[in-house]
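Asks: What follows is a structure written as structure tokens; I'll ask about it next.
The values are calculated or read from the model by the stated rules, or taken from the named source; none is laboratory data. Bear in mind that the values here come from a model prediction, so they are computed numbers and not experimental data. Side chains are part of the model used for accessible areas, which takes the heavy atoms of the whole protein and leaves out ligands, DNA and RNA. Shrake-Rupley method; radii C 1.70, N 1.55, O 1.52, S 1.80 Å.
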Amino acid sequence: MSINWNTIIGPQVLVDSKKAKRNIKRMQEKAVAAEVALRPHFKTHQSVSIGKWFGNPATTPIAVSSADMARMFASAGWQDILIAIPLNPRALPAYNRLASEVTLGLTIESMAALSTVERIQNPVDVYIEVDAGYGRTGISWRQHELIAQILTHARNVPHVRQLGLLLHAGNSYNARGDIGIAEIHHESLQRLQELLPHLPDAETLRISVGDTPTCSRMHEFPGADEIRPGNYVFYDWQQQRIGACEWSDVALALACPIIGIYPERGEVVVHGGAVHFSKDWASVDGKPVFGQVVHQTKSGWGGPIQGAQLIGVSQEHGKVRVPDAMLKELSLSDLLVIVPAHSCLVMSAFHGECVVI
């Protein structure tokens, strides 16, 4: 399918549906081969229409990152929704309504959070988040007694339907190549195995694990019942740089018009800044870079243009370093197609709106 570049005023998110659907199918096949369920994390795309590429909403379990996001997808027909972020007591009314309509899973990491679960009036699944090394949220895998205590109390809550453990090896984003990603993967699952013998009725727990790098590169998930990747639908520059995907897998880019040309410093400025790309970055030679310029094609984009990178962002402006030969050919209003460092934040910035090609 060709794209009419002349209709883009910009900045505009572009999604290559062929690549994205291929990424979706590949992960579905991997889950089947590994004998685990697949619960894609929909915070990456935040789009009802794209969500339907994953399968029938009524039979596709998903993860989300807020009660509002859960509401959006529940209203569109999804029936099995895990809110994979620690419970927010202020969202109790939203949780209670959702639990009356769908199979709702909540994530907790303390006894205080469990007290909020006790106030919900409808059946819910409860997952205790375990920190196996990422260091963001969750209870350390070393705190056997605390995790066991919360599980024991949760089993006495009448409307808690399923209990489980949730792990997110987000430290895999700092790995490099299959070897580095495998080290994080094996370390995380080994720590889970160290924890389980200390927990009551561990065999009844549902184990949910996942992050895009490990789910993309690894083929076995011992001890897990389901995997929970999200970014794999689009991938991005970070994922390509760490070896989680190839350039041919990247299914999202931004088209940004050039609004300034500065030959004296080897740069152009595009209309496309932090409110479009976010301020997530990849490290290149020890410096932050926010996106990689790629070749524009009739049907979308190709591989990277060496030496052409988004090196700075303010609110609406993006500074792009370009090679001298390329700079001589550029004019005001030309479009640059840029793969962002992090596709999830781009789609969040655009509220799930994009041009599908």
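Asks: Per the 1.4 Å probe, what fraction of the accessible area of the chain, in percent, lies on carbon and sulfur atoms? Before the final figure, lay out each step's value.
Replies: Values: 7610 of 15450 Å².
Carbon-and-sulfur percentage of accessible area, whole number: 49.
Asks: Moving on to the next point. If you average the alpha carbon positions of segment 249-311 and of segment 150-221, how far apart do those two centres end up, in angstrom?
Replies: A separation of 36 Å, based on Cα centres.
Asks: Roughly speaking, what is the centre-to-centre gap between segment 47-89 and segment 1-28 when only Cα atoms are used, to the nearest Å?
Replies: Spelled out, the Cα-based centre of one part sits 22 Å from the other.
Asks: Keeping all protein chains in place, calculate the accessible area per residue for the chain (probe 1.4 angstrom), answer in Å².
Replies: Here the per-residue accessible area is 43 Å².
Asks: Sort all Cα-Cα distances of segment 1-159 into consecutive 5 angstrom bins from zero, then give the percent of pairs in each bin up to the one containing the longest distance.
Replies: Going from the shortest bin to the longest, the percentages are 1, 8, 16, 16, 16, 15, 12, 7, 4, 2, 1, 1, 0.
Asks: How big, on average over all directions, is the shadow cast by the Cα convex hull of segment 173-291, in nm²?
Replies: 10.1
Asks: Within straight cross-link reach of K279, meaning Cα distance under 30 Å, which lysines are found once same-chain residues fewer than 8 apart are removed?
Replies: Cα-Cα hits under 30 Å: K18, K19, K21, K43, K52, K287, K298, K319, K328.
Asks: Here is a further query. Give a residue-ordered list of calculated ³J(HN,Hα) values for segment 266-271 (Karplus: 6.51 cos²θ - 1.76 cosθ + 1.60, θ = phi - 60°; whole Hz; x for Gly, Pro).
Replies: Ordered by residue, 3J(HN,Hα) equals x, 9, 10, 10, 10, 7 Hz.
Asks: Can you give the direction-averaged projected area of the convex hull of the alpha-carbon atoms in the chain, in nm²?
Replies: 17.9
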